[in-house]
Amino acid sequence: MRQTVALFFALVFLATTVTADDGDLDELINSLFTKAPLDSGSSVTSTAPPLPPAPSVGSKSSCEHGQRCIQKYLCTNASTSGEGQIDIRFDGDNPCVDYLLQCCYEEDIIQEPPIPPTPKPPVEPVLIHPGCGKRNADGIGFRITGQKDSEAEYGEFPWMMAVLRQENALDQVLNVYLCGGSLIHPKVVLTAAHCLHNRSPTQLKVRGGEWDTQTRNEIYPHQDRSVIEAITHPDYYKGGLYNDVALLILDSPFSLDEGIQTVCLPPQGAKFDQQRCFASGWGKDVFGKSGTYQVILKKIDLPVVTHSQCQSALRTTRLGSKFTLHKSFICAGGEQGYDTCKGDGGSPLVCPIQGSHMHYYQAGIVAWGIGCGENLIPGVYADVANFRNWIDQHMHQRQLDISSYSP
């Protein structure tokens with residue numbers, strides 16, 4: 001994300017997860033307008049270091065006698081309840097190390113982890129949704145304090161998905177981060193076509209419910225699903241990333257809970273010009289080698305600019321005065337230091353539904369840009385409203401209910 005926040009991370013996903021090489025958008029644009037072949041999965045020169053092991057829940061060694069480290073929401077002590085505020089900055093005085101844990105007396109423990117007492121996550125997949133596109137602006141279970149880099153609240157964007165690639169290494173199966181995505185049905189994820197170039201569906205996995213990639217102590221555990229079918233738009237053109245949209249069909253539905261829900265899709269041809277919208281992801285904070293991928297999910301709000309304004313702005317860059325912005329794109333941003341960035345491909349741009357408090361349409365899919373967060377230079381997104389009929393068609397063909405993304 002950029003705010004110097006970049007929205008997409010190549011990070012090591014908890015437990016047997018390492019960072020993936022994500023294409024350098026700057027190099028992609030260079031190759032896009034030269035004779036060089038485009039490789040949307042070109043490598044990054046450095047990767048994130050391995051994650052430290054997660055703190056041991058239930059450890060008594062670092063707490064006072066009669067206490068042990070436990071998730072905050074499982075302790076009845078009102079002063080440290082998960083319903084309060086949590087500082088995401090590391091507190092060196094916390095004997096439990098992880099900011100989502102605390103020392104708690106045995107008699108004050110509500111329930112043994114990892115299942116939270118309320119609300120209880122469903123055991124079986126839940127196919128009934130309370131309504132798509134609901135943003136949890138105050139988070140789930142707690143609010144974070146001390147945020148300095150536009151961190152999203154826990155569960156704020158429950159449709160946010162991570163697309164992973166499975167790799168075998170040293171007799172282990174590693175989940176390597178590939179791209180972002182959004183949940184539009186318990187069994188269907190919307191992402192960018194360029195993320196899937198030359199990749200078999202059997203190599204892919206989707207993770208929902210992720211927030212802080214270096215801890216497993218969130219209220220709800222993340223969920224992983226395998227991909228059984230990848231559908232790329234038939235008019236996708238990798239040279240210019242035209243029609244950069246794809247659907248991933250999962251082997252089984254996600255179990256919907258507060259932290260995993262679907263996003264709404266706009267009607268065919270809907271416009272969002274001049275609206276302020278949110279993008280979310282774990283991407284780099286700044287463009288280039290000095291940028292680092294984010295640990296906690298980030299968010300930024302961006303203005304959607306008109307197609308003509310975006311084309312005019314992009315013509316002032318190295319793309320040149322004859323550049324034509326394809327009709328399958330929309331643009332957002334153009335504010336110094338605020339933008340989606342490297343690693344954010346496939347991530348959603350969501351805009352508020354008029355007249356519906358805290359519910360959102362997905363207006364765009366992160367596609368490409370010139371640098372990250374350049375003043376007056378917007379980022380470029382696939383226009384989701386341009387593909388609503390195409391998405392509906394494939395859902396109907398597979399007998400999947402489109403009410404999951406219809407407000």
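The values are calculated or read from the model by the stated rules, or taken from the named source; none is laboratory data. These numbers were taken from a predicted model, which means no experiment stands behind them. Neighbour counts are summed over all protein chains in view; Cβ atoms, including those assigned to glycine, are modelled from backbone coordinates with ideal geometry. Please note that ligands, DNA and RNA were not included when accessible areas were found on the heavy atoms of the full protein model with its side chains. Shrake-Rupley method; radii C 1.70, N 1.55, O 1.52, S 1.80 Å.
Ranking Arg315, Arg225 from most to least accessible surface, computed with a 1.4 Å probe over the protein chains only, gives Arg315, Arg225.
A Förster distance of 35 Å, applied to the separation of the beta-carbon atoms of Gln214 and Ser321, puts the FRET efficiency at 0.15.
Heavy-atom surface analysis with a 1.4 Å probe gives the stretch 182-329 a carbon and sulfur content of 49 percent of its accessible area. The solvent-accessible area of Glu374, taken with every protein chain present and a 1.4 Å probe, is close to 80 Å². Taking amide H as placed 1.01 Å from N in the peptide plane, the amide H of Lys134 sits under 5 Å from that of Tyr360, each at least 5 places away or on another chain. Around Glu229, which amide H atoms from residues at least 5 apart in sequence, or from another chain, sit under 5 Å from its own amide H, with H modelled in the peptide plane? Here Ile249 satisfy the definition.
Of the trypsin sites (Lys or Arg not before Pro) in the stretch 333-402, which ones lie in a loop per DSSP and count no more than 14 other C-beta atoms within 10 Å?
Working: sites: Lys342, Arg388, Arg398; in loops: Lys342, Arg398.
In loop regions of the stretch 333-402 (DSSP not H, G, I, E or B), the sparsely surrounded trypsin sites (Lys or Arg not before Pro) are Arg398.
Using the Karplus relation 6.51 cos²θ - 1.76 cosθ + 1.60 with θ = phi - 60°, the per-residue 3J(HN,Hα) values for the stretch 310-318 come to 5, 4, 4, 5, 5, 5, 7, 8, 5 Hz, with x marking Gly and Pro. Backbone amide hydrogens, once placed in the peptide plane, bring Glu335 within less than 5 Å of Leu376, excluding anything fewer than 5 places away on its chain. Surface calculation, 1.4 Å probe, protein heavy atoms: Met358 sits at approximately 50 Å² accessible.
Go through Lys298/Lys322; Lys299/Lys327; Lys205/Lys322; Lys134/Lys327; Lys299/Lys322; Lys187/Lys299 and tell me which ones have a Cα-Cα distance over 31 Å in this structure. From the list (Lys298/Lys322; Lys299/Lys327; Lys205/Lys322; Lys134/Lys327; Lys299/Lys322; Lys187/Lys299), the Cα-Cα distance tops 31 Å for Lys298/Lys322; Lys205/Lys322; Lys299/Lys322. Does the stretch 151-235 come out rounded, prolate or oblate by the C-alpha gyration tensor, with a ≥ b ≥ c the root eigenvalues, rounded set by a/c under 1.5 and, if not, prolate when a/b is larger than b/c and oblate if not? Since a/c reaches 1.5 but b/c is at least a/b, the shape of the stretch 151-235 is classed as oblate.
Using θ = phi - 60° in the Karplus curve 6.51 cos²θ - 1.76 cosθ + 1.60, the 3J(HN,Hα) couplings for the stretch 236-250 round to 5, 10, 5, x, x, 6, 5, 6, 7, 9, 8, 10, 10, 9, 9 Hz; x is entered for Gly and Pro.
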